[in-house]
1. Assess whether residue 65 counts as being part of a helix (DSSP H, G or I), touching an Asp or Glu at 6+ places or on another chain (Cβ under 7 Å), modelled with pLDDT of 85 or more and more than 29 Å from residue 16 (Cβ to Cβ).
2. Mind checking which residues of segment 158-190 are crowded, with 17+ Cβ neighbours inside 10 Å and among the aliphatic types (A, V, I, L, M)?
3. Output the residues belonging to segment 227-256 that are out of contact with any Gly (no Cβ under 9 Å at 6 or more places or on another chain) and outside any loop (DSSP other than H, G, I, E, B).
4. Check every one of the helices (runs of 4 or more DSSP H) wholly within segment 93-199 and list those with 2 or more residues that are over 20 Å from residue 66 (Cα atoms) and in contact with a Lys or Arg (Cβ under 6 Å, 6 or more places away or on another chain).
5. Given the criteria under 29 Å from residue 13 (Cβ atoms), at pLDDT below 85 and among the aliphatic types (A, V, I, L, M), does residue 159 qualify?
6. Hey, among 271, 277, 250, which residue is in contact with a Ser or Thr (Cβ under 9 Å, 6 or more places away or on another chain), open to solvent by 20 Å² or more (accessible area, probe 1.4 Å) and farther than 24 Å from residue 78 by Cα?
7. Could you list, ordered by first residue, the pairs with Cβ atoms under 9 Å in which the first is in segment 115-137 and among the polar types (S, T, N, Q) and the second is buried (at least 18 other Cβ atoms within 10 Å of the Cβ) and part of a helix (DSSP H, G or I), at least 6 apart or interchain?
Amino acid sequence: MAKRHSFKLILGLAVGAVFFYLALRSVDVDQMLAALAKADVRWIAASAAIMMLAHLLRAIRWRYLLAPVRTVDTGSLLSALLVGYAANTFMPAHLGEFLRAFVIAKKKSLSASAVFASIVVERVVDVISLIVVMAVVIIVHPFPAWVETSGALMLAGALLLLGTLIAGKRYEARAAALVRRLTRPLPAAVAGRIASLTANFLAGIRPLKSAGHYTAAAILSIAIWLCYAGMNFTCLEAFGMVTSHRLPWYVGLVVLVFTTLSVVIPSTPGYVGTYHYLCQLSLVMFGVSASEALSFAVIAHLVNVVPVSLAGLICANVEGVAIYRSAEEVRRS
């Protein structure tokens with residue numbers, strides 16, 4: 001397990017380094033630094049506020065998704081969410097997603113597998129929402145073929161996962177029997193643990209409580225992605241690029257689509273390198289120079305990472321969670 005973890009970390013660092021090189025290779029450092037120097041801090045602060053609003057909306061949506069298992073207050077969910085995001089900044093392999101399930105499960109005496117099931121459903125909803133955003137933007141601005149292909153693959157993967165979840169939930173007995181058959185060669189204790197985790201996971205996949213909850217979750221999903229696009233747009237305003245390059249209203253959505261793909265690519269903790277290159281690439285499409293685009297990418301990445309990491313570390317201290325030790329415990333379990 002430790003070797004696999006190390007391999008993922010090394011692979012991520014290598015991928016991140018390659019993408020960071022791609023971002024830097026055609027950059028005029030003086031031009032980049034000049035662009036960074038003239039960035040308006042007020043717009044950057046507004047950008048950070050919008051990003052934190054998106055996290056609050058995520059916590060509210062998570063409350064609806066988790067409600068069939070247990071009603072949990074938004075404050076606790078937001079705290080766990082921020083702890084998980086902070087862990088994703090410092091650790092590879094999206095361990096933060098498991099950690100936030102662990103934090104809520106421990107705090108509210110719930111099954112961690114059942115809580116994690118709600119997070120899996122959340123991610124499926126995110127991918128489908130992103131593809132809807134991409135489909136809308138394509139009407140006014142075409143994407144490169146590789147972006148459309150990536151989007152199609154993400155959608156196919158999300159639909160496959162959704163279909164698997166629905167089938168597993170509908171035929172729980174058969175799913176349990178299949179898991180027992182597949183784990184038969186393993187030691188009895190390990191096989192029993194996997195069977196128990198699977199049962200708890202499937203138990204956490206439940207229909208929302210009412211039609212109103214589905215409506216609320218859909219509206220919140222739209223609002224979350226609009227916040228992300230708004231964060232990009234206000235960050236562009238910080239550099240005066242909207243006016244100087246006559247960027248269209250939907251530029252924030254285009255940047256959003258590109259940078260979201262960086263999360264999918266195995267990379268360094270915090271998506272350093274992949275985020276910067278894809279962000280840069282999206283703006284170069286609109287005639288922004290590579291140097292200016294990278295200066296924007298640096299600030300946008302910091303807006304994405306620094307406030308949530310600081311808030312997550314504070315929440316971890318309040319919750320009594322040692323992020324690295326807890327993440328290691330989650331990884332071993």
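The values are calculated or read from the model by the stated rules, or taken from the named source; none is laboratory data. Because the structure is a prediction, the values reported are computed rather than measured. Cβ placement follows ideal geometry from the backbone for every residue including glycine, while neighbour counts extend to all protein chains displayed. To get the accessible areas, we keep the full protein, side chains included, count just its heavy atoms, and leave off ligands, DNA and RNA. Shrake-Rupley method; radii C 1.70, N 1.55, O 1.52, S 1.80 Å.
1. Criteria met by residue 65.
2. Across segment 158-190, the qualifying residues are 158, 165, 175, 179.
3. Listed by number, the residues that qualify are 227, 237, 238, 241, 242, 243, 244, 251, 253, 254, 255, 256.
4. none
5. Here the answer is no, as residue 159 does not meet what is asked.
6. Only one candidate passes the filter, namely 277.
7. 118/62; 118/65; 118/66; 118/101; 129/221; 129/224; 129/225
Residues checked against (1) without any contact (Cβ under 8 Å) to a residue 24 or more places away in the chain; (2) farther than 21 Å from residue 116 by Cα:
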{"position": "201", "(1), (2)": "no, no"}
{"position": "212", "(1), (2)": "yes, yes"}
{"position": "222", "(1), (2)": "no, yes"}
{"position": "232", "(1), (2)": "no, yes"}
{"position": "259", "(1), (2)": "no, yes"}
